[in-house]
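Trainee: Starting off with a structure, shown below.
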Amino acid sequence: MSSVTAPPPSPAPTAQADPTSRGLVASFSSVDAVLKAVRLVRELGIRRVDVHSPHPIHGLDDALGLKGSPLPWGAIAGASLGFGGGVWMAWWMNAIDYPFLISGKPLFSIIPSLPVAFELAILLAAFAVVGGTLLFGGLPRLSNPRFRVPAFSRATNDRYLLAVDADDEQFQTGRLQPLLRQAGAESVDHIPVENPTEARVPRAIWMATAILLVLALIPPVLIAKARSSTSTRPRLSFVSDMDHQPKFKAQSTSRLFADGRSMRPQVSGTVARGDLRADDRYYLGREPVSSDALAKAPSAARLQPSALLTRVSDVDSGSPSDQAPPSQAAANIDWVTEFPLAVDESLIRRGQQRYGIFCATCHGQGGEGDGLVTLRALELEQGTWVRPTSLHAEPIRNQPVGQLFNSISNGVRRMPGYASQIPVRDRWAIVAYVRALQRTRIASSSDVPEDILPNLREIN
Amino acid sequence: MLLTRTVLQDTLNTREHTDMATVSLGDIDNTIIDPAVRPGVMTGDNSLASITEQVSSLAEQPTAPRAWKIAFGISVGGTLMLFALIGYLIATGVGVWGNNAPVFWGWPIVNFVFWVGIGHAGTLISAILFLFRQNWRTSINRFAEAMTIFAVTCAGIFPAIHIGRVWFVYWLAPVPNSLAMWPNFRSPLLWDVFAVTAYATVSAMFWYLGMLPDLATLRDRATTKVRRIAYGIAALGWSGSGRQWRLFEKAYLLLAALATPLVLSVHTIVSFDFATSQIPGWHTTIFPPYFVAGAVFSGFAMVITLMVPARQFFGLKNLVTLRHLENMCKVVLATGMMVGYAYGIEFFIAWYGGNQYEQFAFINRALGPYAWAYWTMVSCNVLAPQLFWFKKVRTSPWAMVAICVFVNIGMWFERFVITVTSLSRDFLPSSWGYFVPTPVDILMFLGSFGLFFTLFLLFCRYLPMVAMAEVKSVMPHGKDHSCPA
Amino acid sequence: MASTHVWNPEDNAGATVPVSSRRLSQLGAAVAFVLATAIGIALMSPDGTRRLSHAWLLSGWYAVSISLGALFFIAIQHLVRAGWSVSVRRLAEFLGASIGWPLLLLAPLVLLLLAGHSDLFPWNDPETVQGDKILEGKSAWLNAPFFLVRAVLYAGIWVTCGRWYLRASRRQDETGDASTTLMLESRSAVALLLLGITITFAAFDWLMSLDPHWFSTIFGIYAFSGAMVAGLSVLAIVVAVIVRRQLHPAINCEHLHDVVKLLFGMNCFWAYIAFSQYLLIWYANIPEETVWLRHRQMHGWDSISQALVIGHFVVPFLVLMPRAAKRSTRLVIVMSGLLLVMHWLDLYWVVYPQFAESPVFGLTELLTAAGFAGVLAVGVLLQLRRSAFIPIQDPRLPESVAHHVH
């Protein structure tokens, strides 16, 4: 506990023009006295004079000749920058770089941009003001020779200190000291020249700072390493979030079952509901294969009869096919020639709609092989696109419906299979529609019903 | 009339034995007024040195007083509970709160608005009263500003943890991220992020800048090496030179001018969180000024609640005089009337506007399942402050603490009423529900008080509680140098 | 200069301004002529009465709001025990006490309402109200007799308040009784409360109900902020003229500076309130509210809206921000004049879209505005004849005279 009533240490009795002095500090007990002293000192032509006081002194600026302040300009600059930056962010981020519509608001409008712009204007202006205060006030400055004058500690308490720098051209200790005393100074002290070792920051602080800096580098280094390298170990999970869920995943083990598998095989001799698919005509588009024929088939096909049907190449297409070999197999298959389901207008309409969704993008609405995707891909001329065969080509027209069904289900050449996307009945509907489409190109006027005939007119 | 005469007579009698320049009224009640005389900011015989000694010694006690230790222990307990619950929340998920359909905004937002509002009084005292040249603010502004910063700290916790995956909190700010997307600048919630961040930053800078001279005082009085280094670094080498003071005063004025619209904007934007929506009871144009008035109201109530025990305990009665307290009570009364005005106008326009949803929302507030909360709010916020019409109440410290505690309760309930009553009555009656807080909700709110008081007690223990330099600058010394700016 | 000036009783000389009765009656006659011309034009042109009633209301509220702003100023200054403003307070008291004249001229509008006219307020037309559920719901509030009762109540409170402040202040001129100041201070709390409530509901009644469907809870505060800007603008101009001509040593640049600071602050407050109202309605986008603003963004009203943003806020904000601007009498007169025009435009923007599809401006608007401003001026001059324009015995006057803005 320090005592304020203790008198300041007595000043050096005489101040010489001393190479160890950096100036003089005079202590005053009233505002008026220090203001008077400042005027006296400045009248001597001394400019490097300053007053240290425990509170701002009104009228000191004039006495010291301080004028103007850059702070308002800094504030205006900060405010403009913040305001402009706020509006710019709202515009560029939400309307240009990542435009997204939300709640029917325009992508950019000045109205909702104002709050952020306003806040940033205030924030940056405040930064400018505080930054300017520190910058122009010479802060932080932890080591100041004036602090070494014992009397100085009362500059933040109850005394007004006048400090004159020895650097000033008009500085003369012999003249100044009596003058200051006359002006009512309680004490006049020399500012000691800094002892270089004392002014230095203690080694322990340097060490501690260095150690802390090194330690602080460890986490970012670890993070950087983790981000740039691969690891076979599962990642660290600081917050479990939904990483670990109490459920079995495919291909994982489980101790619940004797075989250790978490995936359960089907019970032997059973078929899952809806998976029977006993009707080959309907599900595969071909006549049922007798067990004898199956026995003669290659072993791979025996294991999975449908393998026979996958990716058959169209032997009759005439175009150079990618994979010729299975062609014989395809030709040998006994495709159904009749629809295995009732065909009516609603089925064809359904087929038209599905065709429009799944097929027309490549095959074109008319089946000419001129869909938008095809045209676009050919335009890009990347050389890898094979134009789909026109559905009106003779070989295709002659294909049995079963083979068309198979092509849709399993794909052909570059065309992928659509079995997973289009249900069986819809595939047959598409086949029916393709048949209707094919018919349009080979029809004659005799095919047209009598009542519609008068509506037709000739075009070339 | 008779009363005024007596009052005047008293004042005149007092003036006879006081210096005309320094109207220090000693220990007598300085709330009486003679219009021709401006009473000093303080009572008693104060000098520059006595102010330094009185304020600094509070921060220099080698061992803390027993009462401080007990209070600190309790507060730290609350803080630890808060942190533990936050850990629990992060590990488990926001489901530990009572927030659920249709009340998705429960206590967290209520607590957020409550704490942000508390903070407003500090800025009002430090900035707006400064611009209005209210010198009496110098005794209480440091205290109130500290309260602002701690309250905003408490406030910031709730929106930060309510986002669920707190480690993505930086998504709230427009920083480039791996998703290559930006926050929505048309959302009032984003405005809130900017507003509260700017507010916390500017308040902290304002506070710190204002404290530099006082930190230098503590540095120069330090008797131990640790204190000298700690306060020496904190004071940044402040020397109180003419140039520094000049910059300081200019900066203070500019920061006050910046903080004034800022403080208004913060609660305005908080009110936008509600009022830009279409929820009945939320969407009403009076919300911005109404929220600001409510914030100042609750903030001043909190200042009084803390100030009265603090001036008693730390022996600051000569600096924080009865007149200070009376002035603050008047501000509480005035802002309380503004809040009451807003309640009334909201009700009137709900009827006048003829929108049946709006009408329902207000009838439901007053008569629905949350009527108890609504009437708690009205009694605490509108009725309780009416007692401040009486001078006797305005000048009895403990009576005003009681009223101000009620005001704080009422202002918490105001946010509860706004948030929960409107949400619990969705447009779809099948979704209607009744909000019930979980123990986590309640304990977290209590824990936030623990954090607030922890910070506050640390402030009281280690930092200058009264802005010494500013008080000195309004003391009559020398000639007329009474204005800090 | 100000800080060294000490108030002496002999300074009271020159605090009274002789206004010749001849000049006053000439001005009165001119005002009467202007208003009569406006009425004459209205009666002669088609749809003229409807237009005149809107112009009349607009100008009437304009004049009343100036006085109300002054009354708020007085009440607040008393309440916060302000010292600096004492020497300019009497000027505001003159303005406040003159509120009766424009109010009297507004009375015919209420009488027309009682007679069943619905030119101004559509809710007074039973055919419009019938079948409109919302208007039927409001009819308990929006009906001619109750409207009259309320109008009388508001006017009564305002006139009483205005006259009371001036009378008490004048009494102090003679007695020098310090207790008058204390009495005014304590009662100003009640006065402020009454003023706040009455201006709110008056704004609802007289301005908001022009579109009886529309509503906005902030509207009362909007009217208050506009009134404060108007009242302080007039005060600033008067103070600036006094300072410029050095009419009296008790009113100087320091007082001008503070009046303009208040004006600057209140103008920012107006912008804040106007923006808040706009943003919230814009954002929530609820048809029943946006319709009001939407109309004000079309058919030429959009340019009025933009002019308000620029002229009412941006320009005064930027120009009056520097300290030097607030102390420059010339700039202050120009900017306060601009704000007075803008306050008129603000009210025009509120009132006229209810009357016309697109902005119209002609002799009717000009003459009524000039007439009502003249009426207020006559009121002020009448008061000015009767006492000093400085509260010469106010105990805080020396403080005010010595006031110095740092």
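The values are calculated or read from the model by the stated rules, or taken from the named source; none is laboratory data. Values in this document were obtained by computation on a predicted structure and should not be read as measured data. FYI the Cβ positions are ideal-geometry reconstructions off the backbone, even for glycines, and counts take in every protein chain you see.
Trainee: Tell me which residues, restricted to the stretch C:133-178, are part of a loop (DSSP other than H, G, I, E, B) and in contact with a Phe, Trp or Tyr (Cβ under 9 Å, 6 or more places away or on another chain).
Mentor: C:SER139, C:ALA140, C:TRP141, C:LEU142, C:ASN143
Trainee: Are there any pairs with C-beta distances below 8 angstrom linking a residue in the stretch A:54-74 that is more than 7 Å from chain B (Cβ to nearest Cβ) to a residue that is of a type in the set (Lys, Arg), with the two at least 6 apart or on different chains, and if so which?
Mentor: A:ALA63/A:ARG39; A:ALA63/A:ARG42; A:GLY65/A:ARG42; A:GLY65/A:ARG47
Trainee: Would you confirm whether any residue within the stretch C:304-315 is closer than 29 Å to B:ASP273 by Cβ, within 14 Å of chain B (Cβ to nearest Cβ) and either in a helix (DSSP H, G or I) or polar (S, T, N, Q) (or both)?
Mentor: Applying the first criterion (closer than 29 Å to B:ASP273 by Cβ) to the stretch C:304-315 yields C:305-306, C:308-309, C:312-314.
Still in the list and also within 14 Å of chain B (Cβ to nearest Cβ): C:313.
Among the residues that remain, those that are also either in a helix (DSSP H, G or I) or polar (S, T, N, Q) (or both) are: C:313.
Yes, some residue in the stretch C:304-315 is closer than 29 Å to B:ASP273 by Cβ, within 14 Å of chain B (Cβ to nearest Cβ) and either in a helix (DSSP H, G or I) or polar (S, T, N, Q) (or both).
Condition check ((1) modelled with pLDDT under 50; (2) under 48 Å from the mean Cα position of the chain (by Cα); (3) charged (D, E, K, R)) across all residues:
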site: A:ARG255; (1), (2), (3): no, yes, yes
site: A:ARG261; (1), (2), (3): no, yes, yes
site: A:ARG264; (1), (2), (3): no, yes, yes
site: A:GLY269; (1), (2), (3): no, no, no
site: A:TYR282; (1), (2), (3): no, no, no
site: A:ARG286; (1), (2), (3): no, no, yes
site: A:PRO298; (1), (2), (3): no, no, no
site: A:ALA301; (1), (2), (3): yes, no, no
site: A:GLN323; (1), (2), (3): yes, yes, no
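Trainee: Could you list all residues from the stretch A:111-129 that are of a type outside the set (A, V, I, L, M) and at the interface with another protein chain (Cβ under 7 Å from one of its Cβ atoms)?
Mentor: A:PRO112, A:SER113, A:PRO115, A:PHE118, A:GLU119, listed by residue number.
Trainee: Now, a different point. For residues that are under 18 Å from C:ALA223 (Cβ atoms) and touching a residue at least 40 places away in the same chain (Cβ under 8 Å), tally how many sit in the stretch C:281-303.
Mentor: Result for the stretch C:281-303: 4.
Trainee: While we're looking at this one, here's another question. What number of residues in the stretch A:96-110 are facing chain B (nearest Cβ under 9 Å) and either in a helix (DSSP H, G or I) or basic (Lys, Arg) (or both)?
Mentor: Of the residues in that region, 2 qualify.
Trainee: Anything in the stretch B:161-198 that is charged (D, E, K, R) and farther than 25 Å from A:ILE111 by Cβ? List them, or say none. Break it down stepwise before answering.
Mentor: Applying the first criterion (charged (D, E, K, R)) to the stretch B:161-198 yields B:165, B:186, B:192.
Scanning the stretch B:161-198 gives a single hit, B:ARG165.
Trainee: Could you pull out the residue among C:ALA236, C:ALA250, C:ALA240, C:ALA227 that is more than 14 Å from chain B (Cβ to nearest Cβ) and either more than 21 Å from the chain's Cα centre (by Cα) or acidic (Asp, Glu) (or both)?
Mentor: Sole residue among the options that is more than 14 Å from chain B (Cβ to nearest Cβ) and either more than 21 Å from the chain's Cα centre (by Cα) or acidic (Asp, Glu) (or both): C:ALA250.
Trainee: Quick one: which of A:ARG435, A:ARG457, A:ARG414, A:ARG441 is touching a His at 6+ places or on another chain (Cβ under 9 Å) and either under 24 Å from A:SER346 (Cβ atoms) or surrounded by fewer than 16 Cβ atoms within 10 Å (Cβ to Cβ) (or both)?
Mentor: One residue alone meets the criteria, A:ARG441.
Trainee: A follow-up question, please. For the stretch A:88-131, give me each residue that is in contact (Cβ under 8 Å) with a residue 24 or more places away in the chain and among the charged types (D, E, K, R).
Mentor: A:GLU119
Trainee: So, of the residues in the stretch B:210-231 that are assigned to a helix (DSSP H, G or I) and farther than 18 Å from B:ALA467 by Cα, which turns out to be nearest to the other protein chains (Cβ to nearest Cβ)?
Mentor: Per the criteria, the residue is B:ILE229.
Yes/no per residue for (1) modelled with pLDDT under 95; (2) over 19 Å from the mean Cα position of the chain (by Cα); (3) farther than 22 Å from B:PRO437 by Cβ:
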position	(1), (2), (3)
B:GLY368	yes, yes, no
B:MET377	yes, no, no
B:LEU383	yes, yes, yes
B:GLN386	yes, yes, yes
B:TRP389	yes, yes, yes
B:SER396	yes, yes, yes
B:MET400	yes, no, yes
B:ARG415	yes, no, no
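Trainee: While we're here: Determine whether the stretch B:151-164 contains at least one residue that is facing another protein chain (nearest Cβ under 9 Å), part of a helix (DSSP H, G or I), at negative phi and not hydrophobic (A, V, I, L, M, F, W, C).
Mentor: No, that holds for no residue.
Trainee: Here is a follow-up. Could you check how many residues of the stretch B:258-276 are hydroxyl-bearing (Ser, Thr, Tyr), assigned to a helix (DSSP H, G or I) and facing another protein chain (nearest Cβ under 7 Å)?
Mentor: 2
Trainee: A follow-up question, please. Restricting the search to the stretch A:152-176, which residues are surrounded by 21 or more Cβ atoms within 10 Å (Cβ to Cβ) and in a helix (DSSP H, G or I)?
Mentor: A:PHE152, A:ARG154, A:ALA155, A:THR156, A:LEU176
Trainee: Would you confirm whether any residue within the stretch A:134-145 is assigned to a helix (DSSP H, G or I), farther than 30 Å from B:ALA259 by Cα and in contact with a Pro (Cβ under 8 Å, 6 or more places away or on another chain)?
Mentor: Yes, some residue in the stretch A:134-145 is assigned to a helix (DSSP H, G or I), farther than 30 Å from B:ALA259 by Cα and in contact with a Pro (Cβ under 8 Å, 6 or more places away or on another chain).
Trainee: Ok, one more. Collect the residues in the stretch B:232-257 that are in a helix (DSSP H, G or I), within 30 Å of C:ARG323 (Cα to Cα) and hydrophobic (A, V, I, L, M, F, W, C), keeping them in residue-number order.
Mentor: Result: B:TRP245, B:LEU247, B:PHE248, B:ALA251, B:LEU253, B:LEU254, B:LEU255, B:ALA256, B:ALA257.
Trainee: Please go through the stretch C:214-223 and give me each residue that is out of contact with any Phe, Trp or Tyr (no Cβ under 6 Å at 6 or more places or on another chain) and more than 8 Å from chain B (Cβ to nearest Cβ), ordered by number.
Mentor: Within the stretch C:214-223, C:TYR222, C:ALA223 qualify.
Trainee: On to the next question. Can you spot a residue in the stretch B:64-85 that is in a helix (DSSP H, G or I), touching a Phe, Trp or Tyr at 6+ places or on another chain (Cβ under 7 Å), crowded, with 17+ Cβ neighbours inside 10 Å and not aliphatic (A, V, I, L, M)?
Mentor: Yes; the residues of the stretch B:64-85 include at least one that is in a helix (DSSP H, G or I), touching a Phe, Trp or Tyr at 6+ places or on another chain (Cβ under 7 Å), crowded, with 17+ Cβ neighbours inside 10 Å and not aliphatic (A, V, I, L, M).
Trainee: Here's another thing I want to ask about it. For the stretch C:238-254, name all the residues that are touching a Ser or Thr at 6+ places or on another chain (Cβ under 6 Å), over 20 Å from C:ALA227 (Cα atoms) and not β-branched (Val, Ile, Thr).
Mentor: Once the filter is applied, which keeps residues that are touching a Ser or Thr at 6+ places or on another chain (Cβ under 6 Å), over 20 Å from C:ALA227 (Cα atoms) and not β-branched (Val, Ile, Thr), the stretch C:238-254 yields C:ARG244, C:ALA250.
Trainee: What about A:ASP243, is it more than 30 Å from A:TRP335 (Cβ to Cβ), assigned to a loop (DSSP other than H, G, I, E, B), acidic (Asp, Glu) and at pLDDT 80 or above?
Mentor: Criteria not met by A:ASP243.
Trainee: Ok, one more. Checking the structure you have, find out if any residue of the stretch B:238-251 is in contact with a Phe, Trp or Tyr (Cβ under 6 Å, 6 or more places away or on another chain) and of a type outside the set (Gly, Ala, Ser).
Mentor: The answer is yes; a qualifying residue exists.
Trainee: Can you list the helices (runs of 4 or more DSSP H) lying wholly within the stretch B:357-476 that have 1 or more residues being surrounded by fewer than 20 Cβ atoms within 10 Å (Cβ to Cβ) and polar (S, T, N, Q)?
Mentor: Result: B:371-378.
Trainee: Among the residues that make up the stretch C:155-164, is at least one of them more than 22 Å from the chain's Cα centre (by Cα), away from chain B (no Cβ under 14 Å) and under 22 Å from C:VAL88 (Cβ atoms)?
Mentor: As a first pass, look at the stretch C:155-164 and keep what is more than 22 Å from the chain's Cα centre (by Cα): none.
So far as the stretch C:155-164 goes, no, none of its residues is more than 22 Å from the chain's Cα centre (by Cα), away from chain B (no Cβ under 14 Å) and under 22 Å from C:VAL88 (Cβ atoms).
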